[in-house]
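The values are calculated or read from the model by the stated rules, or taken from the named source; none is laboratory data. Quantities reported herein were computed from a predicted structural model and do not represent experimental measurements. Positions of Cβ are backbone-derived with ideal geometry, glycine not excepted, and every protein chain shown enters the neighbour counts. Note: areas computed on protein heavy atoms with side chains; ligands, DNA, RNA excluded. Shrake-Rupley method; radii C 1.70, N 1.55, O 1.52, S 1.80 Å.
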Amino acid sequence: MKIGIIGLPLTGKTTIFNALTGSDEMTANFASQSTEHHVGVVEVPDPRFETLVNMYEPKKQVPATIEFVDVAGISKGAGKQGLSTEMVQFIRDVDALLHVVRSFENESVPHTEGSIDPARDIETIDTELILNDLMFVEKRLEKLEKDLLRLPKDKRPQLEHEKKALLRFQTQLEAEKPLRSLDLDADEAKWCRQYALLSVQPMMILLNVGEDQLTAIDDLAQQYTPNAETPTMAICGKVEAEIAQLDDDDKALFMTEMGITEPGLNRVIRASYDLLGLHCFFTVGKDEVRAWTIRKGDNAVTAAGKIHSDLARGFIRAETVAYEDLIQAGSWAKTKEVGTFRLEGKEYIVQDGDILSIRFNV
Ligand SMILES: Nc1nc2c(ncn2[C@@H]2O[C@H](COP(=O)(O)OP(=O)(O)OP(=O)(O)O)[C@@H](O)[C@H]2O)c(=O)[nH]1
Ligand SMILES: [Mg+2]
């Protein structure tokens, strides 16, 4: 699962990417316009995972991860000629977007629009995506009209069905609203994917605030939340980059001094995971404690299949204990005594943090 970091030039995307992934990609005082992508794998911070590791002291521990990808900034006005082919490809290939919006002042790095205005920038990027999609939808509708005249009658209902969806998209886009805020049915979602429409991608806004705005971080995030469907967070990229450079002891000290309990990026990673519609279950033991990423709503067989296809094929039951119940009982054996241990069937919807042990037979 991949999160693409997008935004206008010089908003701090690469600075944030570096802090997130512990990389050391070059940041610059000029808009890089490079087509190079930076890819990094990030562990999803989860205190429950740490607790399980302390409980089992396993030989091996495997946390959940997600991937972040950083590219050069999108310039304003790109959508009129269409975003570059590389950018369209990039946005289409990721599973969700993290839009970095600049709120920090930095005279040595002037904003490409000449002033700091997060609300304007949020709209600018959405407009680029919306214009790109609108151009496509209009072209596709034109072609559909022609095909409808040309094709035999029995082929038409399918096209009419598609046309209806495209007209719905067009109305939304003409109102300057992204497709992600529409409720799509299965066919509509399929066409969005097939046509590589961009504004349908889930998006989270990350306000990159100045060092002097740190105390107002939550207020700023709230102030610039564009709508209820778009999660918005604020961090200071520069400070996060500094925190990321420190070793664990210094990190703890620095955060105590700043009066924060965890790096802001941890919240960003967790929110990204959530944005992707993901959560995890755990397997535990002396050999390995591991977090397994699944989609919210996945059932026990799908979860078993993540571990190994044999476990899905020969699935009998999932021994299941909720995370809180395991902690409360103090051990797996104890959960059977107190009655929080469960045997779940194939259709059981795995809950976030469940601890599973799959009974199977192949
Ligand atoms: N003062 C301040 N400067 C920052 C902050 N974040 C980034 N910068 C500076 O802004 C400049 C651009 O940062 P980058 O991370 O390269 O920005 P970018 O969005 O990746 O830029 P492009 O890839 O060229 O679009 C660098 O000189 C950073 O040091 C911040 O939170 N505060
Ligand atoms: Mg960059």
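Data for the structure
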{"quantity": "Tally of residues being open to solvent by less than 80 Å² (accessible area, probe 1.4 Å) and closer than 16 Å to residue 142 by Cβ across the stretch 163-190", "calculated": "7"}
{"quantity": "First in the stretch 236-259 and under 16 Å from residue 21 (Cα atoms), second anywhere and open to solvent by 70 Å² or more (accessible area, probe 1.4 Å) and among the charged types (D, E, K, R), Cβ under 8 Å, 6 or more apart", "calculated": "236/211; 238/211; 239/211"}
{"quantity": "Residue within the stretch 43-58 that is more than 10 Å from ligand 2 (Cβ to nearest atom), open to solvent by 20 Å² or more (accessible area, probe 1.4 Å) and under 22 Å from residue 130 (Cβ atoms) present", "calculated": "no"}
{"quantity": "Hits in the stretch 1-34 (condition: open to solvent by 20 Å² or more (accessible area, probe 1.4 Å), within 11 Å of ligand 1 (Cβ to nearest atom) and not in a helix (DSSP H, G or I))", "calculated": "10, 25, 26, 27, 28, 29, 30, 31, 32, 33, 34"}
{"quantity": "Any hit, the stretch 249-262, residues being hydroxyl-bearing (Ser, Thr, Tyr), open to solvent by 20 Å² or more (accessible area, probe 1.4 Å) and in a helix (DSSP H, G or I)", "calculated": "yes"}
{"quantity": "Options 101, 137; residue that is in a strand (DSSP E or B) and open to solvent by less than 50 Å² (accessible area, probe 1.4 Å)", "calculated": "101"}
{"quantity": "Test result for residue 50, part of a helix (DSSP H, G or I) and without any contact (Cβ under 8 Å) to a residue 40 or more places away in the chain", "calculated": "yes"}
{"quantity": "The stretch 223-235 residues that are within 26 Å of residue 255 (Cα to Cα) and of a type in the set (S, T, N, Q), paired with ones that are at pLDDT below 90 and assigned to a loop (DSSP other than H, G, I, E, B) (beta carbon under 8 Å, 6 or more apart)", "calculated": "232/226"}
{"quantity": "Entirely in the stretch 263-334, the helices (runs of 4 or more DSSP H) that have 3 or more residues that are open to solvent by less than 20 Å² (accessible area, probe 1.4 Å) and in contact with a Leu (Cβ under 9 Å, 6 or more places away or on another chain)", "calculated": "264-275, 300-307"}
{"quantity": "Extreme residue, surrounded by the fewest Cβ atoms within 10 Å (Cβ to Cβ), among residues of the stretch 191-217 that are assigned to a helix (DSSP H, G or I) and under 20 Å from the mean Cα position of the chain (by Cα)", "calculated": "193"}
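A quick yes/no check of all residues on (1) at pLDDT 95 or above; (2) among the acidic types (Asp, Glu):
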site	(1), (2)
10	no, no
23	no, no
26	no, no
35	no, no
39	no, no
45	no, no
51	yes, no
57	yes, yes
